[in-house]
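K.L.:
My questions all concern the structure below.
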């Protein structure tokens, strides 16, 4: 198996991960409507962008390769920031999320004007930083609110941990993506495969989070509320 | 691989590992911090509950001591004086034939009886000497004699000797429930059952108007029976017992108290 085969395998697996998010969101959304609709939307957008990348790769669609990825960065950041905005109920912290979103948008627009058709490390690193910060804000919010139930059973804890885990692990890669692409061309596939496998793990963690609500749905059924 | 590439791979690996370690540290910190805070909150709640329990116990003990003092004073001082007055009056009544004196003697007799009854209600002297069952039986007999309500008492199982303080609490619960029934329920009949087994089960049933127990629990019912039931619930919690309520067909109510016989 060469590096390109490895990249393709990892790419299909992380595509499967996006599909799993959609399936779990549909199955469990009655328990947590707002959060899981947003997560399901994230899964769907990821799935469609991956499809677009594949079609672009096979020349069914002719788009500059970097543009699809750059656009995906904006959508991904936007949806996840919206998820944080919806799940944090403290108004001050909500304002911080909004400010971070606006700052990221300005940063994105300022960079993308010149680099839309090329892969951009800067906007990827920026996205990673903003999402890591929002994840930390959410943990701070959790410690302040201190829910009485076990955190391990809370879906948002898993989703938030997945965000922190994935974007912190891929932060260095995002920062050095352009360097790897230009200076270490032959190794780029391996680095990107590593990123794809981490993304698959990210999707699995999100699905585990949504799966935690199965106990809630069982309790609702036994109490006759469903 | 070129040396520059190797250096980059090493730096990339170390930096990614550090970021991963930071992420896991934060996640574990959040989980363990929450668990620690929750266990501290639980400890604090248990301490507060224990403190409240002790305060309640102290308040009730103080109440019992005061009742005991009042009962002694009533019986020994007031009761004795009234008896002396009666004795002094007796020859005068016997010698004369005036109705006012007869009436006075009658009033005095009633007063002496009332003082004795109040003294007995304040401190059931039989409780310490003869135990809980005897005191409850004696209370039932007194009420039957008064004709206010018919009381049936039954006991099954082998009585277990309890700590005197617990017996006083149980007696007060029965006394309070009987008083509530007489005052509020308009019942003509009251059944008191004591079932001795692993626990002491008290069943107090009447054929009165019934009672909005859930309303009392949710503070929506009227407060007429409120204070009495509150003191019952307080004593039940001090005993570590449970209190249940059922309505009885065709009409009436039934209270069931399950009391651990050990402290």
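K.L.:
Between the helical axis of B:226-239 and the dominant principal axis of chain B, each derived from Cα atoms, what acute angle in degrees is found, rounded to the nearest 10?
P.N.:
On a 0 to 90 degree scale, this one is about 60.
K.L.:
Pairwise over distinct Cα atoms, reciprocal of the mean inverse distance: report the Kirkwood radius of region A:1-62 in Å, one decimal place.
P.N.:
12.7 Å
K.L.:
Counting only Cα, what are the radius of gyration and maximum Cα-Cα distance Dmax of chain B, in Å?
P.N.:
My reading of the Cα-based Rg and Dmax gives 31.8, 137 Å.
K.L.:
Using the Kirkwood radius built from alpha carbon pairs, what does the Stokes-Einstein equation give as D for region B:26-133 at 4 °C and 1.567 mPa s, in µm² per second?
P.N.:
The diffusion coefficient I find is 68 µm²/s.
K.L.:
With label points built 7 Å along Cα→Cβ from the Cα atoms of residue A:152 and residue A:23, find their separation and express it in nm.
P.N.:
Those two pseudo-labels are separated by 2.5 nm.
K.L.:
Let me ask something additional. Please work out the Cα center distance from region B:12-61 to region A:49-113, rounded to the nearest Å.
P.N.:
37 Å
K.L.:
In degrees from 0 to 90, rounded to the nearest 10, what is the angle of the helix B:99-122 Cα long axis to the longest principal axis of chain B?
P.N.:
So the helix axis and the longest Cα principal axis differ by about 20 degrees.
K.L.:
Let me know the volume per residue of the alpha-carbon convex hull for region B:14-86, in Å³.
P.N.:
41 Å³
K.L.:
Assuming R0 = 51 Å, can you tell me the calculated FRET efficiency for the pair residue B:165 and residue B:95, based on Cβ-Cβ distance, to the nearest 0.05?
P.N.:
Here the calculated transfer efficiency is 0.45.
K.L.:
Using the alpha-carbon atoms, what tilt in degrees (0 to 90, nearest 10) does helix A:3-28 show relative to the longest principal axis of chain A?
P.N.:
Value to nearest ten degrees: 20.
K.L.:
Next question, about the same structure. At 20 °C and 1.002 mPa s, what whole-number value in µm²/s does Stokes-Einstein give for the translational diffusion of the protein assembly as shown, with Rh from the Kirkwood sum over Cα pairs?
P.N.:
The calculation lands on 71 µm²/s.
K.L.:
Here is a further query. Would you work out the relative contact order for chain A, in percent, from Cα pairs under 8 angstrom that are 6 or more residues apart?
P.N.:
30 percent
K.L.:
Can you sort B:75, B:103 by how many other beta carbons sit within 10 Å, fewest first?
P.N.:
B:103, B:75
K.L.:
Relative contact order for region A:135-214: what is it in percent, counting Cα pairs under 8 Å that are at least 6 residues apart?
P.N.:
49 percent
K.L.:
Continuing with the same structure: For chain B, calculate the relative contact order in percent as a whole number, restricting contacts to Cα pairs under 8 Å that are 6 or more residues apart.
P.N.:
The value is 14 percent.
K.L.:
Based on the Cβ-Cβ distance of residue B:114 and residue B:195, what FRET efficiency does E = 1/(1 + (r/R0)^6) give at R0 = 51 Å, to the nearest 0.05?
P.N.:
So the FRET efficiency works out to roughly 0.90.
K.L.:
Then there's this: So what does the Cα-only Debye profile of region B:147-191 read at q = 0.15, 0.24, 0.28 Å⁻¹, as log10 I(q)/I(0), no solvent term?
P.N.:
The computed values of log10 I(q)/I(0) come out as -0.50, -0.93, -1.03.
K.L.:
Turning to a different aspect of this structure: With r as the distance between the Cβ atoms of residue A:178 and residue A:109 and R0 = 22 Å, compute the FRET efficiency 1/(1 + (r/R0)^6) and round to 0.05.
P.N.:
Efficiency, rounded to the nearest 0.05: 0.70.
K.L.:
Which of B:12, A:75 comes first, and how do the rest follow, when ranked by fewest Cβ neighbours within 10 Å?
P.N.:
A:75, B:12
K.L.:
Using the C-alpha gyration tensor of region B:143-217, what are the square roots of 5 times its eigenvalues, in whole angstrom, with the largest one first?
P.N.:
So the three semi-axes of region B:143-217 are 23, 16, 12 Å.
K.L.:
Report P(r) for region A:1-151: all Cα-Cα distances, bin width 5 Å, range 0 to the bin holding the largest distance, values in whole percent.
P.N.:
2, 8, 14, 17, 19, 17, 12, 7, 3, 1, 0
K.L.:
So what's region A:87-216 giving for Rg/Rh, alpha carbon basis, Kirkwood Rh from the mean inverse pair distance?
P.N.:
1.04
K.L.:
Neighbour counts of other C-beta atoms within 10 Å: give me A:134, A:207 arranged from fewest to most.
P.N.:
The most exposed by this proxy come first: A:207, A:134.
K.L.:
Give or take rounding to whole Å, what are the principal axis extents of the alpha carbon atoms in region B:93-188, in descending order?
P.N.:
Principal-axis extents of region B:93-188 (Cα, largest first): 57, 33, 19 Å.
K.L.:
Further question: Give me the compactness ratio for region A:87-144, meaning the Cα radius of gyration over 2.2 N^0.38 Å.
P.N.:
Computed over Cα atoms of region A:87-144, the ratio equals 1.31.
Laboratory data are not the source of any read-out in this text; all were calculated from the coordinates shown. This one's a predicted model, so the numbers in the text were calculated from it and none came from an experiment. Virtual Cβ from ideal backbone geometry, glycine too; neighbours counted across all protein chains shown.
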